[in-house]
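The structure appears right after this line, and notes come after that.
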Amino acid sequence: MTRKNGSHDAVATRPVSVAPLTRPQNLTPAERIAGYGLSPRQQRAVLLLAEGKTVTEAAKALDLSRETVSGWQRRAAFEAALNLVRAEIMESATGRLLRLVYRATEAMEQALQSEDEQVRLKAAIEVLRQTELLSGTRYYPGPTTPDAVEQARAHDEEMARLFKFST
């Protein structure tokens, strides 16, 4: 569960397990979620939603009603499969970005040594702004197994009951 906090995402944590993302590199996302008991159309919906399509866009692409896809999202297996694919997308993107960090850091160091005071000041401000990345905040897509989704839902319901919030 992600909530907006200023201009950055703050992540709520739950006491749930997440399936490890270790897997054969030659499997496609569709092959990795094949064991979740989803129909081929549900699997395609998972992939479309993970790509960033809205429920309406995914439903239209599959020639289904929005309500059908929305209903699928309430199934633990569907949510877990979607979380797994999203986690893999984030893992891949993070890896690609991390490979660029060295070059970006060198460029920033060069800018900090510029003879132009404005360039140095802008670089210094940007370094200070970006150090928030070191705060330890991490993206958590949610549980990636059906059992863990059910456990998280039960936890959320219990917290809502205890604190009288509606879910």
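The values are calculated or read from the model by the stated rules, or taken from the named source; none is laboratory data. Only a predicted model underlies this, so the values are computations on that prediction, with no experimental measurement involved. As a convention, Cβ positions derive from the backbone with ideal geometry for all residues, glycine included, and neighbour counts pool all protein chains shown.
Confirm whether Arg44 is within 20 Å of Thr144 (Cα to Cα), over 17 Å from the mean Cα position of the chain (by Cα) and modelled with pLDDT under 90.
no
Of the residues Arg14, Arg3, only one is surrounded by 14 or more Cβ atoms within 10 Å (Cβ to Cβ) and either at pLDDT 85 or above or within 22 Å of Gln151 (Cα to Cα) (or both); which?
Residue meeting the stated conditions: Arg14.
For the stretch 66-73, does any single residue satisfy the condition of being over 13 Å from Ala45 (Cβ atoms) and surrounded by 10 or more Cβ atoms within 10 Å (Cβ to Cβ)? Give the steps one after another, and end with the answer.
Initially, the stretch 66-73 is screened for residues over 13 Å from Ala45 (Cβ atoms), giving none.
Scanning the stretch 66-73 turns up no residue that is over 13 Å from Ala45 (Cβ atoms) and surrounded by 10 or more Cβ atoms within 10 Å (Cβ to Cβ).
Could you list, in sequence order, all residues of the stretch 93-123 that are surrounded by 11 or more Cβ atoms within 10 Å (Cβ to Cβ) and under 24 Å from Arg32 (Cα atoms)?
Within the stretch 93-123, Ala93, Thr94 meet the criteria.
Only one residue in Ala58, Ala45, Ala50, Ala76 is in contact (Cβ under 8 Å) with a residue 60 or more places away in the chain and either hydrophobic (A, V, I, L, M, F, W, C) or in contact with a strand residue (DSSP E or B) (Cβ under 8 Å, 6 or more places away or on another chain) (or both). Which one?
The match here is Ala76.
What are the residues in the stretch 104-162 that are modelled with pLDDT under 85 and farther than 30 Å from Ala80 by Cβ, if any?
Ala124, Ile125, Glu126, Val127, Leu128, Arg129, Gln130, Thr131, Glu132, Leu134
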